[in-house]
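The values are calculated or read from the model by the stated rules, or taken from the named source; none is laboratory data. It should be emphasised that the depicted structure is a prediction, and the values quoted were computed from it without experimental measurement. When we count neighbours, we look across all protein chains shown, and the Cβ atoms used for this are built from the backbone with ideal geometry, even at glycine. SASA here: full protein model, heavy atoms, side chains in, ligands and nucleic acids out. Shrake-Rupley method; radii C 1.70, N 1.55, O 1.52, S 1.80 Å.
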Amino acid sequence: MSAYSHITSKCFVNAPYAQLETGLLELILGNRLQPEIGLEGDVLYTRTLADFTQTAQILKDNSLSCTLHAPFLDLAPGATDKFIRTATREKLRKAFELIPIFQPKSIVCHLGYEHDKHHFKEDEWFGLALETWQELVDYAANHQTPVMLENTFEKTPAQHRKIFEALDSPYARFCLDVGHVMSFAKNTWQDWLPELAPWLGQLHLHDNDGISDRHLGIGKGVFDFKGLFVFIQENNLLPIITLEPHEEAGLWESLEALERMEFFT
C-alpha cells in the first residue's frame, strides 16, 4: 500500500497501454494506482478485444478505476481532406468502442486545432471537427462517459469554447493540460480559466520550464500549481485529476508535491 493512497485513490496516472504489458501494470497494481490508459500508436490495431477485456478485468478484480486517453498523434478531427478525416474518425471510433469494456470515468481526446494550419479555413475546419466530436460525444453519452477535450497546440480557449457551446452536452467537457499551456500556448492558466471553468472536467498535471513539453513531476518546473489549486477550491470545481509525468521518478515527485500542498486534504 502506497504512503500516498489518500491521494492516489482520488486521481489517475498516465499509463500507455503498451507499457502496461511490459511492467507498468505491476507498478499500478502494487501501488494501487488508477491508470489513465493511453491508446496511442498501433495498439488499437494490434491488440484484440480479448486483450483489452483481460486488462479491464484485472483492474476490476483489484477494485481500480481508470480513465482512457484516445490517440491523437497524426490525427486530424477537422481535416478538410476526406481521406485523412475518415482515417481519423475510424481510429477514434476504435478507442471509443473500448468504453463498454473499461467503463472509464472519462475519455480524453485532443481537440486538434492549430492556428497556423487552420485559421485560413477556420469555419470549414470547425464544421468538420464538430461533426467528428458530435458523433463521439453522442456515443460516449450513451455510456454516461464524459469526453474531455484537451488543449494542446491551441493558443487560446476560443476554439474549445466554441465547440462546447455547439455540442451543448454535459458529456462534452474540458481537460486543462497545464504543461501544454506553458510550452505550446506560451501563456498561463489564467488565460484559460475562468473562461472555460463552466466546462472544466479534468486536469492533466505535469511541469516544465515553459519552453518544452517535458512532462516533469509537479514542482520541478515553473507552473503555478498553488494558484491553480486555490482557484479550483474557491470555485468549488471538482475535476478529475490525472498525473502525467513521463518518468516514474516524476510520479513520486508529484505525489510528494501534492502532499505538501495539501490539495487532497
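Before moving on, here are some points about what is shown:
- The calculated FRET efficiency for residue 262 paired with residue 168, based on their beta-carbon distance and R0 = 45 Å, is about 0.80.
- Taking 0.36 nm per residue of separation and subtracting the current Cα-Cα distance, fully stretching the chain between residue 82 and residue 45 would add 11.2 nm.
- Across the range 8-67, Cα-Cα pairs more than 16 Å apart make up 38 percent of the total.
- Cα-Cα over 28 Å, subset of 10/117; 60/91; 10/162; 60/162; 105/226: 10/117; 10/162; 60/162
- The range 116-265 - Rg over Rh from alpha carbon coordinates, Kirkwood radius: 0.98
- Computed over the range 45-105, Cα set: Rg, Dmax in Å: 13.9, 44
- Stokes-Einstein D in µm²/s, Kirkwood radius over Cα pairs - the range 1-153 at 20 °C with 1.002 mPa s viscosity: 131 µm²/s
- Once the C-beta distance of residue 53 and residue 121 is scaled by a Förster radius of 30 Å, the resulting FRET efficiency is 0.15 to the nearest 0.05.
- Candidates 115, 215, 206: whichever shows maximal mean-square fluctuation once the chain is modelled as a Gaussian network with Cα springs under 10 Å: 115
- In the chain, helices alone account for a calculated mean residue ellipticity at 222 nm of -11500 deg cm²/dmol, with every DSSP H run of four or more residues adding -39,500 (n - 2.57).
- By accessible area, using a 1.4 Å probe on protein heavy atoms only, the range 49-148 has 48% of its surface on carbon and sulfur.
- Portion, in percent, of the accessible area of the range 191-263 that falls on carbon or sulfur, probe 1.4 Å: 48 percent
- Largest-first principal axis extents, alpha carbons of the chain, Å: 51, 44, 31
- Charge sum, other residues only, whose C-beta stays under 10 Å from residue 131's C-beta, Lys/Arg counted +1 and Asp/Glu -1: +1
- Multiplying the residue separation of residue 21 and residue 143 by 0.36 nm and subtracting their alpha-carbon distance yields 41.2 nm.
- In this structure the chain gives 46 Å² per residue of accessible area when probed at 1.4 Å with all protein chains present.
- Listed residues 211, 107, 232, most fluctuating in the chain (Gaussian network, C-alpha, under 10 Å): 211
- Net dipole in debye of the chain [+1 Lys, Arg Cβ; -1 Asp, Glu Cβ; about Cα centre; nearest 20]: 380 debye
- The value obtained for the range 170-224, namely the Cα convex hull volume divided by the number of residues, is 72 Å³ per residue.
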